[in-house]
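Worksheet: the structure to be examined is printed underneath.
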Amino acid sequence: MELSKNYLPSATEEKWYQHWMDKGYFRSQPDGRPSFTVVIPPPNVTGVLHMGHTLNETVQDILVRRARMTGFNACWVPGSDHASIATEAKVVDMLKREKGIEKSQLTRDEFLKYAYEWKDKYGGIIYSQIKKLGCSCDWDRVSFTMDDHYYEAVIKVFVDLYGKGKIYRGARMINWDPKAKTALSDEEVDYKDIQGKLYYVNYAIVDSENNPTGEYITIATQRPETIMGDTAICVNPNDERYAHLKGHFAVVPLVNRKVPVIFDEYVDPAFGTGALKVTPAHDINDYNLGLKHNLEIVDTLNEDGTLSAAAGVFIGMDRFAARKKTISTLQEQGLLVREQEYTTRLGYSQRNPDTVVEPRISTQWFVKMAEMAKPALDAVVNGDVRIHPGDRFMATYKYWMENVKDWCISRQLWWGQRIPAFYAPDGSFEVAETVEQAIQQFAAKGATYTAADLKQDEDVLDTWFSSWLWPVEVFHGITKPGNPDINYYYPTSVLVTGQDIIFFWVARMIMAGLEYKQEKPFSDVYFTGMVRDKQGRKMSKSLGNSPDLLELIHQFGADAVRCGIMISSPAGNDLLFDEASCDQGQKFCNKIWNALKLVKMWEGRLEANSTPTASDFAVRWFESRLREVQLQVDGLFKDFRLSEALKAIYSLIWDDFCSYYLEWVKPGFEQPMDAAVFNQTVLFFDQLMQLLHPFMPFVTEEVYHLLSERPAGDDLLVKQFQTTAAPSHPTLVEGALAIEVITSIRDARNKHQIKPKDTITLHIDTHHENAFHQIESILAKQVNAKAIVYTKTPVPGSITLVVQKDKFYLETEATTVDTGAQKKQLEEDLVYQQGFLASVEKKLSNERFVQNAKPEVIAIERKKKADAEEKIKAITESLKQL
């Protein structure tokens with residue numbers, strides 16, 4: 001068949017993905033092989049793949065494909081998260097925009113009907129993108145965190161933990177998202193340093209009899225709109241400025257509320273004025289002071305961030321508009337003393353990044369975390385769960401787990417698993433999986449109720465409370481404990497995820513796995529870095545700097561995109577993504593394609609040849625080089641250094657195979673191709689495609705099948721790697737020597753403008769003549785030398801160059817040698833080598849380095865020193881001869 005000029009990815013990708021699906025290669029069932037299990041970090045059902053997802057899914061597919069090709073029963077479970085806050089916000093917006101309906105106009109069941117319709121319409125988009133990327137997921141195992149069995153599992157776990165005393169209900173200061181109108185956990189708040197202001201406000205002082213003293217106390221506040229919620233003024237008991245105010249009161253501006261002056265060492269006398277307004281409903285530290293001093297709590301904010309009736313003024317006004325109104329009113333009343341620029345940290349909702357979080361007193365459900373965190377911390381510290389790269393993320397993990405707070409798990413939403421608490425008319429409640437069980441539990445305590453009497457909690461559970469069960473419940477481990485799938489696939493093998501959810505998800509999955517399976521949920525955690533644009537900014541929709549994945553695939557092909565993002569992404573490190581890296585991937589596909597066309601061109605020119613040729617060395621050398629990289633890649637996969645593995649394979653194919661090996665074995669013009677060499681070349685090409693396949697599955701499968709006729713079922717995706725023997729190092733050394741000498745001589749020919757068709761006589765002054773005998777014919781062919789001569793004396797009128805420790809003289813009749821240019825080049829080489837030698841000697845003269853470095857490292861440095869000295873000697877002799 002005639003091959004296209006360039007590799008055409010679109011038709012190839014569709015063809016092979018469908019072929020793999022038809023063959024059932026992605027499906028997995030328990031059998032006698034060892035399992036290799038990966039569960040996809042479930043993307044939000046609302047979403048489309050962004051570049052962070054692209055990196056994450058590519059890494060997982062590489063690991064899964066490699067495992068499948070090394071004898072494992074690979075199972076990659078896909079799925080999505082119901083994403084309670086984000087999805088509900090999108091559904092609410094859709095209803096308002098498309099149907100003119102407010103959520104408040106609907107019953108819960110009516111709203112959920114719309115939510116499921118929305119999920120059914122948009123939920124599959126992300127799966128089609130994952131397929132486009134080439135991901136080999138088991139599509140028979142798609143899971144969703146609101147599936148019936150999954151919903152049941154979440155409820156079972158809630159009831160179980162409540163029964164164990166690990167879940168409780170209580171009024172606490174929590175983080176509140178006024179836009180979503182729901183509680184957030186501490187981990188769902190992102191803090192930003194902003195430039196704000198301190199407002200200095202006077203409060204009039206009255207005595208215990210409510211008589212004005214004519215004195216004012218000045219407080220500094222960042223949030224004047226909360227003044228109406230003040231229930232005390234607090235000063236330090238050791239602050240002499242305020243000692244006389246004991247037993248006095250302050251009058252809260254705008255609302256004229258009389259509040260006590262209290263004393264507590266919590267207040268820093270050096271900050272602001274040393275006097276603190278205490279607003280227990282709107283600050284966690286004030287809340288704790290309020291508890292300690294038994295202060296009234298006045299909540300001046302509604303759930304949507306507007307001022308409540310309790311504020312007394314500016315009722316219904318947005319909190320930030322109320323701030324401006326408060327400031328202007330205080331100015332009018334002469335109570336605003338001054339304003340001061342002030343840098344502060346402000347919490348924003350992770351789910352609504354433009355929304356400032358409000359501290360708020362609220363009755364919520366919490367999980368006690370300290371007891372569950374301890375075994376999850378131990379599992380990582382003792383190496384039962386390995387983190388990659390551990391040196392970067394171990395400290396982060398330990399910090400989170402050693403400073404863990406109770407987890408607020410209730411959300412004031414309708415989309416999600418509804419909290420299984422059932423309330424009686426008197427306010428008492430029972431936690432149960434069903435209302436029938438709740439009735440029985442009430443009856444056991446002597447209370448008789450019907451289903452109509454009981455009201456279920458309106459709140460739903462935090463999305464993370466469902467996704468922490470992911471590695472267990474995708475195999476029905478909670479709802480059908482001990483089933484064949486959970487016994488075979490759990491614990492899973494590797495979790496690939498982003499560093500930003502190390503506590504949200506990774507730590508909590510370890511807690512849940514240890515609680516419900518008494519075993520870790522995975523053996524290894526591979527953290528990908530953050531994908532940033534070339535200016536270093538995090539890619540986001542709001543900045544408009546995140547490319548469309550499908551558009552990238554359309555432009556470059558899936559393999560090129562995978563190659564582009566992987567080659568620049570060392571584990572855990574942020575990567576600067578540039579579309580130029582996809583272009584590099586596309587060029588790599590075309591390089592492989594052109595190599596295929598060259599090899600196929602030789603197919604019609606085969607002839608048996610029993611005479612040893614230059615190709616014999618080339619075959620031996622590349623076989624050793626291939627083995628070397630195969631072993632290197634094995635080691636890199638074990639250490640999860642996937643980017644380095646791809647770079648090693650990339651260089652092996654582009655440089656060693658295409659640039660050197662194929663050139664070395666290429667027959668002369670209209671000359672036959674040695675059949676044995678051709679067959680070996682095809683075998684090498686097969687092995688290269690197999691090695692590259694996990695990274696770039698489509699182009700490798702296509703090339704593999706075009707190289708030779710394959711029997712049914714002989715597909716790269718399931719082709720098993722063979723055990724790799726150690727390489728033959730002498731051949732590797734000679735091959736590397738050939739490459740360096742050929743490159744140097746070609747550079748010298750170019751500098752001296754020797755035309756490619758002009759032959760040279762190559763004179764070699766070396767102490768390792770045997771090594772050059774191995775590569776003579778390759779050298780002659782690659783540098784167009786009509787003869788190779790060994791010498792111990794300079795060749796007058798020739799071009800002189802030094803490679804490693806050897807001297808080379810290029811003799812040509814067609815070119816006048818410019819000895820001045822040669823001398824300049826040799827002098828530049830000498831300066832470089834002298835500088836290099838000085839740096840090595842400095843290192844070896846450092847006693848601390850010599851004492852602490854491994855013996856093999858010292859040996860390498862000493863060899864560098866000896867080689868540099870030899871080269872300096874050779875260059876110096878050449879300069880003398882010139």
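The values are calculated or read from the model by the stated rules, or taken from the named source; none is laboratory data. Predicted model, so just to flag it, every value in this text is computed and none were measured. A quick note on method: Cβ atoms are made from the backbone with ideal geometry, for glycine too, and the neighbour counts reach across all protein chains shown.
Number of residues in the range 835-861 that are under 40 Å from the mean Cα position of the chain (by Cα), in a helix (DSSP H, G or I) and without any contact (Cβ under 8 Å) to a residue 24 or more places away in the chain: the value is 16. Being surrounded by 14 or more Cβ atoms within 10 Å (Cβ to Cβ), of a type in the set (A, V, I, L, M, F, W, C) and at pLDDT below 90 is a description that applies to Phe393. For Pro237, the conditions (1) crowded, with 16+ Cβ neighbours inside 10 Å; (2) more than 20 Å from Glu358 (Cβ to Cβ) are fulfilled apart from (1). Among the residues that make up the range 92-108, is at least one of them of a type outside the set (Lys, Arg), touching a residue at least 12 places away in the same chain (Cβ under 8 Å) and in a loop (DSSP other than H, G, I, E, B)? Scanning the range 92-108, I find no residue that is of a type outside the set (Lys, Arg), touching a residue at least 12 places away in the same chain (Cβ under 8 Å) and in a loop (DSSP other than H, G, I, E, B), so the answer is no.
Of the residues making up the range 668-699, those that are within 30 Å of the chain's Cα centre (by Cα) and aliphatic (A, V, I, L, M) are Leu688, Met689, Leu691, Leu692, Met696, Val699. Tyr449 passes every criterion in (1) in a helix (DSSP H, G or I); (2) crowded, with 16+ Cβ neighbours inside 10 Å; (3) at pLDDT 95 or above apart from (1). Taken together, Thr87, Thr107 contain a single residue that is more than 30 Å from Phe721 (Cα to Cα) and at pLDDT 95 or above, which is Thr107. Quick check: is even one residue across the range 206-216 buried (at least 20 other Cβ atoms within 10 Å of the Cβ) and either in a strand (DSSP E or B) or at pLDDT 95 or above (or both)? Taking every residue of the range 206-216 in turn, none turns out to be buried (at least 20 other Cβ atoms within 10 Å of the Cβ) and either in a strand (DSSP E or B) or at pLDDT 95 or above (or both).
Against the numbered list (1) within 30 Å of Ile62 (Cα to Cα); (2) among the basic types (Lys, Arg); (3) at pLDDT below 95, Lys131 comes up short only at (3).
Annotation note: Cβ proximity below 6 Å between a residue of the range 555-579 that is crowded, with 19+ Cβ neighbours inside 10 Å and a residue that is assigned to a helix (DSSP H, G or I) and among the basic types (Lys, Arg) (sequence gap 6+ or interchain) occurs for Gly572/Arg392. Considering Phe588, Phe617, the condition of being surrounded by 21 or more Cβ atoms within 10 Å (Cβ to Cβ) and closer than 22 Å to Gln782 by Cβ is satisfied by Phe617 alone. Within the range 1-18, the only residue that satisfies the criterion of being under 27 Å from Trp602 (Cα atoms), assigned to a helix (DSSP H, G or I) and among the polar types (S, T, N, Q) is Thr12.
How many residues are among the acidic types (Asp, Glu), in contact (Cβ under 8 Å) with a residue 24 or more places away in the chain and out of contact with any Lys or Arg (no Cβ under 6 Å at 6 or more places or on another chain) if we restrict to the range 134-153?
Total satisfying the criteria: 1.
Selection over the range 764-786 of residues that are among the hydrophobic types (A, V, I, L, M, F, W, C) and either part of a strand (DSSP E or B) or touching a helix residue (DSSP H, G or I) at 6+ places or on another chain (Cβ under 6 Å) (or both) gives a count of 6.
Of all the numbered requirements in (1) at pLDDT below 95; (2) in a helix (DSSP H, G or I); (3) not acidic (Asp, Glu), Ile227 misses one, and that requirement is (1). Filtered by the rule that a residue be surrounded by fewer than 22 Cβ atoms within 10 Å (Cβ to Cβ) and either in contact with a Ser or Thr (Cβ under 7 Å, 6 or more places away or on another chain) or assigned to a loop (DSSP other than H, G, I, E, B) (or both), the range 264-289 gives Asp264, Glu265, Tyr266, Asp268, Pro269, Ala270, Phe271, Gly272, Thr273, Gly274, Asp283. Within the option set Phe314, Phe320, being more than 44 Å from the chain's Cα centre (by Cα) and farther than 25 Å from Asn210 by Cβ holds for one residue only, Phe314. Selection of strands (runs of 3 or more DSSP E) fully inside the range 331-438 by the criterion of at least 2 residues being over 30 Å from Thr450 (Cβ atoms) and touching a residue at least 24 places away in the same chain (Cβ under 8 Å) returns 336-349, 358-367, 386-388.
Looking for whichever is part of a helix (DSSP H, G or I) and without any contact (Cβ under 8 Å) to a residue 60 or more places away in the chain here; the options are Lys131, Lys156, Lys119, Lys113. Which one fits? Residue meeting the stated conditions: Lys113.
Residue check: is Gly170 in contact (Cβ under 8 Å) with a residue 60 or more places away in the chain and not in a strand (DSSP E or B)? When the stated conditions are applied, Gly170 does not pass them.
Candidates in the range 668-721 are the residues that are of a type in the set (Asp, Glu) and touching a residue at least 24 places away in the same chain (Cβ under 8 Å); of these, the one that is nearest to Phe640 (Cα to Cα) is Glu701.
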